[in-house]
1. With all protein chains present, how much of the accessible area of chain A (probe radius 1.4 Å) comes from carbon and sulfur, to the nearest whole percent?
2. At a threshold of 8 angstrom on Cα-Cα distance, excluding pairs fewer than six apart, so keeping six or more, what relative contact order does region A:52-264 reach in percent?
3. How large is the Kirkwood hydrodynamic radius of the protein assembly as shown, counting all unique pairs of alpha carbons, in Å?
4. How would A:220, B:178 rank on accessible area, largest to smallest, probe 1.4 Å?
5. Between exposed trypsin sites (Lys or Arg not before Pro) in chain B, where DSSP calls loop and at most 11 other Cβ atoms lie within 10 Å, what's the longest gap?
6. Which links in A:162/B:114; A:185/B:16; A:185/B:114 stretch past 19 Å when you go from one Cα to the other?
7. Return the Rg/Rh value of chain B, two decimal places, where both radii are evaluated on C-alpha atoms and Rh is the Kirkwood radius.
8. Would you kindly state the longest site-free stretch of chain A, with sites defined as chymotrypsin sites (Phe, Trp or Tyr not before Pro) in a DSSP loop (not H, G, I, E, B) surrounded by at most 16 other Cβ atoms within 10 Å?
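The values are calculated or read from the model by the stated rules, or taken from the named source; none is laboratory data. Computed from a prediction, not measured in an experiment: that's the story for all the values here. Positions of Cβ are backbone-derived with ideal geometry, glycine not excepted, and every protein chain shown enters the neighbour counts. Calculation scope for accessible area: heavy atoms of the full protein, side chains included, ligands and nucleic acids excluded. Shrake-Rupley method; radii C 1.70, N 1.55, O 1.52, S 1.80 Å.
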Amino acid sequence: MEGTDTAKNRTRKQRDNVWRRRALGAILPILIIICWEIAAILIDNEFILPRLESVLAVLAAPTVDILGSGSLINNALLSIERVIMGFGLAALVGIPVGLVMGYWQRVEDFIDTTVQLFRPIPPLAWIPLALAWFKTGIVSMTFIIFIGSVFPVLLNTVDGVKSVNKTWVESARTFGASQRQVLAKVIMPASLPTIWTGLRVGFGIAWMCVVAAEMLPGTTSGLGYLIMYAYNWGQVQVIIAGMIVIGLIGLLIDGLFRVIEHQRFRWRGMTR
Amino acid sequence: MEGNDKMSLSIKHVSKVFVNEKGEEVTALGDINLEVEEGEFICILGPSGCGKTTLLRIIAGLDDPSSGRAEIGGREITGPAPELAMIFQEYSLYPWRTIIDNTAFGLEVRGISKEERYAKAREYLDLVGLKEFEGSYPYELSGGMRQRVAVARALCSEPQVLLMDEPFGALDAQTRNTMQKELLEIWKKTKKTVIFVTHSVDEAVYLSDRVVVLSPRPSEVREIVTVEQERPRERTSLEFAQVRRYVLSLIHNGNE
Ligand SMILES: Nc1ncnc2c1ncn2[C@@H]1O[C@H](COP(=O)(O)OP(=O)(O)O)[C@@H](O)[C@H]1O
Ligand SMILES: [Mg+2]
């Protein structure tokens, strides 16, 4: 009994530890909120720093129209729709091209230089060109988001394929697997965790890009548009509420990626 | 298929020259000649780097010889053949597949139905004593158990010849001895031809009908030692010690 007792104690201690660490992490955000509130009271100017309550009031009514430009939820859904378009396209292009580049050295030699030339250009630097080619609208945004997220997806896929254990491939070959079977049954599943990481990173960038792209002149919807529009009307509480929603959505989707990563790719790092 | 009933293996004047990173030619295999009878247990013994893996890979159809040829049943080996199955030292199981899906991999590649390949996989998992682990993942198993799965997976594709490249090299001494014993039992039951690569004299003498002793690079067959002792062999017996000492002397003489 003594043994189980100490084991129980140990798990309790571990649990206490987790809570202690969480509590420690919560201190700073709470301090920031308190400072904010004090500063807001001292400044006493809604157009510079609104009080916490007025931001919460905006967040508490996510379906209510804001200054005739749609509700928080409406605009958030539009932003998500756009990010899915651009990011989806990036995945659709990045994964297959990455697989082919990782698998055939010649294809990589052929494409890699070009990738390295284009990759350092920040996605936002493409905005003027996007506007010149496609005007304001969904095509421009999709293009910017695509540029932003395709490289991490592509490069992680290449990396994933190249780091596939050689013995796995050769085992498959000794069992008579064809090239296509090797690709589908070994290379793909073996590199999936790395590809997934690329998708997660790519999505983070895509989300930044969509908000930035929505701030462009001529845009009339989306979270980026909403906070820019609120600025023009001096509605700082809407700006902050919008920023919080943008952050939360990013956090939520990143968490979703992590949960799936944890469930599906537990074998990663335990390869032996 | 010609020569179907006699699945003997022959290696005729096989050599292999690699070009290393510096662009120099490295002759791994000098001139290897070997005949292996059906059902035989052969060990290939030689110092590290003498080309054992290279030889096995050529037999498995993973590499081409620079000259000479390897034949099975009278036909030249030009690529992976269904009569041959390879068991690697480690890291050959697929960590994202369950044990049964690992075991049935060879059949899956051949397009055998799930029902049929699972039935066969269970049969071989039972043979290696891991039936109750069919739903587990490789990382949940010990090193010895994983190599048992690798053996079951190789047998499941019903080859005639098992090629084993230092399969127990990464295991601790005790597990290694257990695995050797089990492998001999499986060999007796399944009547496969086994070509087993090792750099351990003890392992070679314990397991094989004949020990093929290779010289250092560029390697040739220095001598083939027939081990007459009845199985199961007693490592502490005089006979065992004598054969062991003789094989050791073959290795040492060449290094002087
Ligand atoms: N793909 C390769 N390229 C260049 N040299 C190689 C390659 N494979 C093996 N070698 C060389 O051939 C020799 C024999 O290697 P190997 O067959 O692995 O030996 P062993 O299995 O007996 O330790 C070594 O010197 C090794 O460096
Ligand atoms: Mg080797």
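1. Summing carbon and sulfur atoms, their accessible area is 67 percent of the total for chain A.
2. So the answer I get is 28 percent.
3. It works out to 28.2 Å.
4. A:220, B:178
5. B:23-190
6. Over 19 Å Cα-Cα: A:162/B:114; A:185/B:16.
7. 0.97
8. Looking at chain A, A:105-232 is the longest stretch - no exposed chymotrypsin sites (Phe, Trp or Tyr not before Pro) with at most 16 other Cβ atoms within 10 Å.
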